[in-house]
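Please read the structure below before turning to the comments.
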Amino acid sequence: MARIAGVNIPSDKRIVIALTYIYGVGDATSHRVLKQAGVAEQIRTKDLTDDQIKAIRNALETPDRRLEGDLRRDIISNIKRLKEIGSYRGSRHIKRLPARGQRTKTNSRTVRGNVRRTTTSGRRVLTKT
């Protein structure tokens, strides 16, 4: 099992998919990093050599790329800053409501606490007594 950026990468998946298990690495970044490292996308993680893992690690852990803990810390600090300056987006985060203009009348039920556990047709089921 390969360990890149502090994350254990699944060994039975293709490396292009396995890299997306790292927080901050999506599909496009995964393709770009593999091309830069010179590794084929079809290779399974368990079939990688140590040199290939090292090349992927070097391509991912550049100073300009934020991953895992650093990226999470940045996002939390950005949200904290929005809350402190009293912006509209910050107030939406405080109220735990959508911050990007989504409607709330019919959607975002789970955030608002209006969770509907079951969906039925509305017709009552007759029980035998």
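The table below lists the values:
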{"quantity": "Entry for mean projected area of the Cα convex hull in nm² (calculated from the structure that is shown) out of [x] 12.6; [y] 14.2; [z] 10.2", "calculated": "[y]"}
{"quantity": "Under 5 Å, built H, 5+ apart or other chain: amide partners of residue 43", "calculated": "15"}
{"quantity": "Amide H contacts under 5 Å for residue 4, placed H, 5+ residues apart", "calculated": "9"}
{"quantity": "Whole-number percent relative contact order across region 1-99, with pairs defined as alpha carbons under 8 Å at least 6 apart", "calculated": "24 percent"}
{"quantity": "FRET efficiency, 1/(1 + (r/R0)^6) with R0 30 Å, evaluated for residue 117 and residue 23 via beta carbons", "calculated": "0.45"}
{"quantity": "For region 3-60, alpha-carbon Rg and Dmax in angstrom", "calculated": "9.7, 24"}
{"quantity": "Region 68-112 - charge dipole about Cα centre, Lys and Arg +1 at Cβ, Asp and Glu -1, debye rounded to 20", "calculated": "420 debye"}
{"quantity": "From phi via Karplus (6.51, -1.76, 1.60), per-residue ³J(HN,Hα) for region 94-101 in Hz, x at Gly/Pro", "calculated": "4, 7, 6, 10, x, 9, 10, x"}
{"quantity": "Rg/Rg_ref, region 68-112, where Rg_ref = 2.2 N^0.38 Å and atoms are Cα", "calculated": "1.29"}
{"quantity": "Projected label distance in nm at residue 126 and residue 3, using a 7 Å step from Cα toward the beta-carbon", "calculated": "6.5 nm"}
{"quantity": "Karplus (6.51, -1.76, 1.60) ³J(HN,Hα), θ = phi - 60°, over region 17-22, in Hz, Gly and Pro reported as x", "calculated": "7, 5, 5, 6, 6, 7"}
{"quantity": "Dipole-positive endmost among 125, 58, 34 within the chain (Cβ charges, Cα centre)", "calculated": "125"}
{"quantity": "Packing rank of 35-42, 21-28, 95-102, 111-118, where each peptide gets the mean count of other beta carbons within 10 Å, highest leading", "calculated": "21-28, 35-42, 95-102, 111-118"}
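Values in this text are rule-based calculations from the coordinates and carry no lab data. Just so you know, these numbers come straight off a predicted model, no measurement behind them. Neighbour counts run over all protein chains shown; Cβ positions are idealised from the backbone, glycine included.
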